[in-house]
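Notes follow once the structure below has been shown.
Since every read-out is calculated from the coordinates, none of them should be taken as a lab result. Nothing here was measured: the structure is a model prediction, and the numbers come from that model. We place every Cβ from the backbone using ideal geometry, glycine too, and count neighbours over all the protein chains shown.
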Amino acid sequence: MQKPKVIVICGPTASGKTELSITLAKKINGEIISADSMQIYTDMNIGTAKPTKEEMQGIKHYLIDFLKPNKRYSVADYKKSAKSAIKEILKKGKTPIVVGGTGLYIDSLIYEIEYPEIKYDPDYRKKLEDEIQENGLETLYQKAQKIDPKAIEKISPNDKKRIMRILEIYKATGKSKTEQEILSRKKEVEFDYKVYAINWERQTLYERINKRVDQMIDQGLIQEVQKILSKYEEFPTAMQGLGYKEVVTYLNHECTKEEMIEKIKMETRRYAKRQMTWFRKNKQTIWLEGKEGVQNNINIILEGIN
């Protein structure tokens, strides 16, 4: 029996996923499911490049703007919600389009990876936090490297959240994150995922990133961070996200505004490089050239799905 088709559009930050996906959705009667681990949060609009109502052009979006920044949300949570959204869209007779740059979210769907539900252990979390305070994040990074060298390849030495996740999974299950993934990939994939990624020549992509960061500052990123900090009593976990933590550093008078902007640009370029490495490992990905333009790339997708 033929499996229902689900289109996936992925790629690095600032590559043009939003414009391509919305134009495609209008063309094929589609609805969009976000695969972005930061756009899930309310109050965080500018720094996550969340599409505005105008940009959405009437296309329904799922898994955007629904969770407070101080709440936890796992890959397992995402997979469950995304599959539910896919089924809802198919029931309407429309085409689901999964769009985003969070590799873990996309892999959880296209490879049917089951991430274990790890019960939050506040004592172990505090122990890890204390260790960071005492010895720095580098110590935990090295521990995670010994436990799961394959997973750590895809993670920045500054990515506190994901480094701690590797350690927490191992503590709770006795298996590494990679071992869990290998075991879970034996399950049959439920849908026929057609995966596309947008590619740009590196220098052009970096220029697009730099321009986007400047736009975010002009649009009020600093004020957005100030509002979030004043709204929540506890420091929201989501504020560790790219762009937000740099603004917090600036607001704490630990750097100048110019240094903050340059730091965001540099870290975003590094993140984009890691995203490209991640998506290139997905063998089923069909690469689209950003410079060829939206219409040309839509034609390629239409040829691939018909």
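Of Lys60/Lys281; Lys146/Lys187; Lys177/Lys283; Lys80/Lys119; Lys68/Lys281; Lys27/Lys87, which sit over 26 Å apart, Cα to Cα?
Pairs exceeding 26 Å: Lys60/Lys281; Lys146/Lys187; Lys68/Lys281.
For the pair Thr256 and Trp287, how long in nm is the line joining their label points, each one 7 Å along Cα→Cβ?
If labels sit at Thr256 and Trp287, their model points lie 3.9 nm apart.
Considering the zone a paramagnetic label at Glu134 would reach in this model (a point 7 Å from Cα along the Cα-to-Cβ line), which residues of the stretch 144-179 have amide N under 17 Å from it?
Those under the cut-off are 144.
What GluC sites (Glu not before Pro) in the stretch 49-157 are in a loop by DSSP, with at most 13 other Cβ atoms within 10 Å of the Cβ?
Here the GluC sites (Glu not before Pro) that fit, given the DSSP loop and packing criteria, are Glu117, Glu153.
Could you size up the charge dipole of the stretch 157-306 around its Cα centre, putting +1 on the beta carbon of Lys and Arg and -1 on that of Asp and Glu, and report it in debye to the nearest 20? Display every interim value, and only then the final one.
Numbers: 29 positive and 23 negative charges, 128 e Å.
Dipole about the Cα centre, nearest 20: 620 debye.
May I ask for log10 I(q)/I(0) of the stretch 90-198 at q = 0.12, 0.16, 0.17, 0.18 Å⁻¹, from a Debye sum over the Cα atoms as equal point scatterers with solvent left out?
Listed by q, the Debye log ratios stand at -0.52, -0.82, -0.89, -0.96.
Could you work out Rg/(2.2 N^0.38 Å) for the stretch 214-268, with Rg from alpha carbons only?
With N residues counted in the stretch 214-268, Rg over 2.2 N^0.38 Å equals 1.06.
Taking a label point 7 Å from the Cα of Lys26 along the Cα→Cβ vector, which residues of the stretch 50-79 have an amide N closer than 19 Å to it?
50-62
Can you give the charge dipole size of the stretch 122-183 about its Cα centre, rounded to the nearest 20 debye, using +1 on the beta carbon of Lys and Arg and -1 on the beta carbon of Asp and Glu?
180
Would you give the gap between the C-alpha center of the stretch 114-147 and the C-alpha center of the stretch 220-299, rounded to a whole Å?
Each part reduced to its Cα centre gives a spacing of 23 Å.
Taking loop as defined by DSSP and a crowding limit of 12 other beta carbons within 10 Å, which GluC sites (Glu not before Pro) in the stretch 165-198 fit?
Filter output for the stretch 165-198: Glu188.
What length, rounded to one decimal in nm, is gained on full extension from Met1 through to Ala172, with 0.36 nm per residue of separation minus their alpha-carbon distance?
Separation in residues times 0.36 nm, less the Cα-Cα distance, equals 57.7 nm.
Per the Kirkwood treatment, what hydrodynamic radius in Å, one decimal, follows for the stretch 122-183 from the mean inverse distance over all distinct Cα pairs?
Numbers: mean 1/r = 0.0860 Å⁻¹.
Over the stretch 122-183, the inverse of the mean reciprocal pair distance is 11.6 Å.
Work out how far the C-alpha atoms of the stretch 184-301 reach from end to end along every principal axis, then list the three figures in whole Å, largest first.
Here the Cα extents, ordered largest to smallest, are 48, 36, 22 Å.
Considering just Cα atoms, how many Å³ per residue does the convex hull of the stretch 1-130 enclose? Can you show the working numbers first?
On the way: hull volume 17.1 nm³, N = 130.
With only Cα atoms used, the stretch 1-130 gives 132 Å³ per residue.
If you take every DSSP beta bridge whose two residues both sit in the chain, what share of them, in percent to the nearest 5, is antiparallel?
Working: 0 of 21 bridges.
Among the beta bridges of the chain, antiparallel pairing accounts for roughly 0 percent.
Which net charge results when you count Lys and Arg as +1 and Asp and Glu as -1 among the other residues whose beta-carbon is under 10 Å from that of Ile300? Intermediate results must be reported in sequence, preceding the final value.
Working: positive: none; negative: Glu289, Glu292, Glu303.
Local net charge: -3.
Which one of Thr42, Tyr170, Val247 has its Cα pushed farthest toward the positive end of the charge dipole of the chain, where Lys and Arg give +1 and Asp and Glu give -1 at the Cβ?
Working it through, the farthest residue towards the positive pole turns out to be Tyr170.
Report D for the stretch 15-76 in µm² per second (integer): Stokes-Einstein, Kirkwood Rh on Cα pairs, 37 °C, 0.692 mPa s.
Roughly 266 µm²/s, to the nearest whole number.
Run lengths n ≥ 4 of DSSP H only: what is the helix-derived mean residue ellipticity at 222 nm for the chain, with -39500 (n - 2.57) per run over all residues, to the nearest 500?
My calculation for the chain gives -16500 deg cm²/dmol from helical runs alone.
Please compute the net charge surrounding Thr13, taking Lys and Arg as +1 and Asp and Glu as -1 over other residues with Cβ under 10 Å from its Cβ.
+3
Let me know the charge dipole size of the chain about its Cα centre in debye, to the nearest 20, where only the beta-carbon of Lys, Arg (+1) and Asp, Glu (-1) is charged.
Computed about the Cα centre, the dipole is about 940 debye.
Count the net charge of all other residues whose Cβ sits under 11 Å from the Cβ of Tyr41, scoring Lys and Arg as +1 and Asp and Glu as -1.
Its environment carries a net charge of 0.
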